[in-house]
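Values in this text are rule-based calculations from the coordinates and carry no lab data. As the structure is a computational prediction, the values presented were derived from the model and not from experiment. In this analysis, Cβ positions are derived from the backbone assuming ideal geometry, glycine residues included, and neighbour counts consider all displayed protein chains.
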Amino acid sequence: MLHTVLERLKLKGKSLLPIVQGGMGVGVSAHRLAGTVASFDAMGTISSVDLRRHHPDLMVETGRSRDRALIDKTNLVALDREVKAAKDMAKGKGLIAVNVMRAVSEYASYVRQSCESGADAVVVGAGLPLDLPELTADFPKVAIIPILSDVRGISLVLKKWMRKNRLPDAIVIENPKYAAGHLGAPTADAVDNPNFAFSNVLEGARQLFKDLGLEKESIPLITAGGIHSHEQVKQLLGMGASAVQLGSPFAVTEEGDAHPNFKKVLVEAKPEDIVTFMSVAGLPARAVRTPWLEAYLEKEEKLQRAAKQRPCTVGFDCLVSCGLRDGIAKHGQFCIDTRLAFALAGDIKRGLFFRGSEKLPFGNAIRPVRELIEYMLTGIRPVLAAVASPTVRSQHDLVPA
């Protein structure tokens with residue numbers, strides 16, 4: 001059991017370490033990562049998108065299929081398996097959450113399946129989850145947590161949910177200036193807007209709670225995006241955050257569910273290798289400039305000029321709005337599911353590798369989940385001399401940061 005002098009996160013009657021593992025798809029955070037994080041009394045998160053790719057039997061059934069109904073059904077089977085496997089690993093400790101993108105076409109089905117499968121929480125980003133209270137109404141024990149980036153978004157969700165007699169059990173505040181993957185900003189140029197700064201959003205959220213008469217509700221605020229040190233954790237909790245959420249640092253742990261090549265790409269990326277661009281989902285995104293992304297960005301303008309409606313290339317129709325399928329010129333022009341699946345499998349040449357802009361806690365070392373959580377909580381970091389040997393070390397192998 002890991003201990004900390006930092007105040008614990010109170011969520012749905014449980015007292016947790018103030019560390020949340022963010023959801024990362026396709027398949028980067030599945031049951032192994034989420035279950036391990038929860039087993040240390042923190043919150044682990046499964047990304048709901050296209051989880052069949054972790055199950056060979058389901059891929060035999062659907063790998064070459066263009067039957068959307070079959071693929072959607074199979075992904076729900078995979079989600080059910082992943083939640084139950086993560087819960088088994090956690091053994092009653094921590095919480096197991098499922099992250100669902102509001103932008104995916106099967107959003108409602110993923111939310112319902114997560115609840116039915118026994119998830120402790122449903123976390124929703126990539127859009128405003130205004131209907132999440134209705135979708136989870138039959139599961140009052142499941143925490144519902146929106147991911148938002150500014151006070152305006154928090155206000156919209158709160159006021160809408162209050163009319164339904166429901167409040168968020170927590171709110172993730174994600175700063176698009178530093179986060180990985182899809183970002184909560186309207187354009188790539190807007191990610192630097194000071195309205196997204198943690199200090200501004202935390203202060204603004206507290207004032208909003210006061211204005212709405214919600215001060216006594218004690219809704220936890222979880223800051224996310226670019227957090228990579230114990231000093232940042234202390235600073236953010238001192239500013240009023242209840243916990244911090246980490247994505248990329250957990251993706252490169254030994255227990256991360258992606259291929260070792262995926263982790264290699266993330267840990268070896270230099271600051272100049274990390275780029276922000278428009279995703280096919282119509283949101284800015286941040287990833288490592290690998291061979292495929294380099295080639296795509298060189299011809300992006302040409303592809304956008306030639307954008308036109310076309311059938312989904314894989315028959316999956318994973319997004320409600322898809323720049324490639326729907327011919328939306330200002331959006332990305334590629335199949336995101338295919339590219340993320342290549343990354344999950346470790347295909348460095350063809351994959352899309354989402355990563356945050358900031359440095360990683362252990363540099364280019366791949367270390368266990370336990371060491372990451374311990375460092376973020378205490379400032380004690382492992383000796384990293386033997387970077388090539390990612391074996392779990394003993395407590396005696398730790399030194400102050």
Distance violations [Cα-Cα > 21 Å] among LYS84/LYS160; LYS160/LYS216; LYS299/LYS330; LYS263/LYS349; LYS12/LYS216; LYS234/LYS263: LYS84/LYS160; LYS234/LYS263
Which whole number of Å³ per residue matches the convex hull of the alpha-carbon atoms in segment 26-119? 81
So if I restrict to the alpha-carbon atoms in the chain, what is the Rg, and what is Dmax, the biggest pairwise distance, in Å? 19.9, 60
Given Cβ point charges of +1 (Lys, Arg) and -1 (Asp, Glu) and nothing else, what value in debye, to the nearest 20, does the dipole of segment 9-259 about its Cα centre take? 500
How long are the semi-axes of the equivalent ellipsoid of segment 74-225, defined as square roots of 5 times the Cα gyration tensor eigenvalues? Whole Å, largest first. 26, 18, 14
Only Cα pairs under 8 Å and at least 6 apart count here; give the relative contact order of segment 9-259 as a rounded whole percent. 20
With all pairs of different alpha carbon atoms counted, what Kirkwood hydrodynamic radius in Å does segment 263-344 show? 13.3
Using helices alone, I'd like the mean residue ellipticity at 222 nm for the chain: each DSSP H run of four-plus residues gives -39500 (n - 2.57), total over residue count, nearest 500. -10000 deg cm²/dmol
At what distance in angstrom do the alpha carbon centres of segment 210-252 and segment 4-27 lie from each other? 10
Packing-ranked peptide list from 219-231, 23-35, 311-323, highest mean Cβ count within 10 angstrom first, is 23-35, 219-231, 311-323
Mean Kyte-Doolittle hydropathy of -1.0 or higher plus an axial Cα length of 27 Å or more: which whole DSSP H helices in the chain meet both? 68-90
